[in-house]
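Engineer: Have a look at the structure that comes next, please.
The values are calculated or read from the model by the stated rules, or taken from the named source; none is laboratory data. Keep in mind the model is a prediction, meaning the values are calculated, not measured. A quick note on method: Cβ atoms are made from the backbone with ideal geometry, for glycine too, and the neighbour counts reach across all protein chains shown.
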Amino acid sequence: MTDPEFTRMIRARPSPPPRAAIEASETERAALAIRFGVSALETLRAECTFEPDSGAVKATGTLSAVVVQTCAVSVEDFTVRIDEPLHLRFVQQARAVDPEDEAELPGDEPDEIEFAGDSFDLGEAVAQSLGLAIDPYAEGPKADAARKEVGVIDESAPRGPLADLLAGLKRS
């Protein structure tokens, strides 16, 4: 396993700091852009507050990023602003888990991230959250024009003989 591209260790023991703000450097953003298959990552910043929680650490805050990605239709780059809430829970590393075991992930619980020792990596948790927030099939502002240029039919448009007749009347 390679080292994470964006590491920001936060001390959990004896108690976490009340808050932290982290920002990725140009080198870290370039490495994360490669990892997530986007053209560029112009900014990445996160702010969190921490609260001890039964031996774990609860982190809540926000992630904000500006991503340049390629349109899934027109294949042109466009900019996307991502603003996501963060709800994380850093827990002490437990026993080894059999990869064949099924895991049930509750939808309303914060994401649990294991750590060993007395610190956890907030940077990697933010990077993973960003990876989940990026839409791999995002469409840019020129997507409809690109569809029209190659004659792709609008699936939401009404079709059939009556729709064709009405469309013909509309053009007249």
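Engineer: Which is in contact with a Leu (Cβ under 8 Å, 6 or more places away or on another chain), over 30 Å from residue 144 (Cβ atoms) and surrounded by 15 or more Cβ atoms within 10 Å (Cβ to Cβ), of 84, 28?
Structural biologist: Selected residue: 28, the only one of 84, 28 that is in contact with a Leu (Cβ under 8 Å, 6 or more places away or on another chain), over 30 Å from residue 144 (Cβ atoms) and surrounded by 15 or more Cβ atoms within 10 Å (Cβ to Cβ).
Engineer: Might you let me know whether segment 36-44 holds any residue that is charged (D, E, K, R) and either under 30 Å from residue 144 (Cβ atoms) or without any contact (Cβ under 8 Å) to a residue 12 or more places away in the chain (or both)?
Structural biologist: yes
Engineer: Restricting to segment 139-172, give me the number of residues that are more than 30 Å from residue 68 (Cα to Cα) and either modelled with pLDDT of 75 or more or surrounded by 10 or more Cβ atoms within 10 Å (Cβ to Cβ) (or both).
Structural biologist: Total satisfying the criteria: 7.
Engineer: Follow-up question, since we're still on this one. For the structure I just gave you, tell me whether residue 56 is closer than 17 Å to residue 125 by Cα and at pLDDT below 95. Walk me through how you get there before you give the answer.
Structural biologist: Values: closer than 17 Å to residue 125 by Cα: yes; at pLDDT below 95: yes.
Answer is yes for this residue.
Here is a yes/no grid of residues against (1) in contact with a His (Cβ under 8 Å, 6 or more places away or on another chain); (2) at pLDDT below 95; (3) assigned to a loop (DSSP other than H, G, I, E, B):
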site	(1), (2), (3)
16	no, yes, yes
21	no, no, no
28	no, no, no
34	no, no, no
38	no, no, yes
47	no, no, no
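Engineer: Now a separate question. Do we have any residue at all in segment 96-110 that's farther than 30 Å from residue 152 by Cα, at pLDDT below 95 and part of a strand (DSSP E or B)?
Structural biologist: Narrowing segment 96-110 to residues farther than 30 Å from residue 152 by Cα: 96-110.
The next check asks that each one be at pLDDT below 95; those that pass are 96-110.
With part of a strand (DSSP E or B) added as a condition, the list becomes none.
Scanning segment 96-110, I find no residue that is farther than 30 Å from residue 152 by Cα, at pLDDT below 95 and part of a strand (DSSP E or B), so the answer is no.
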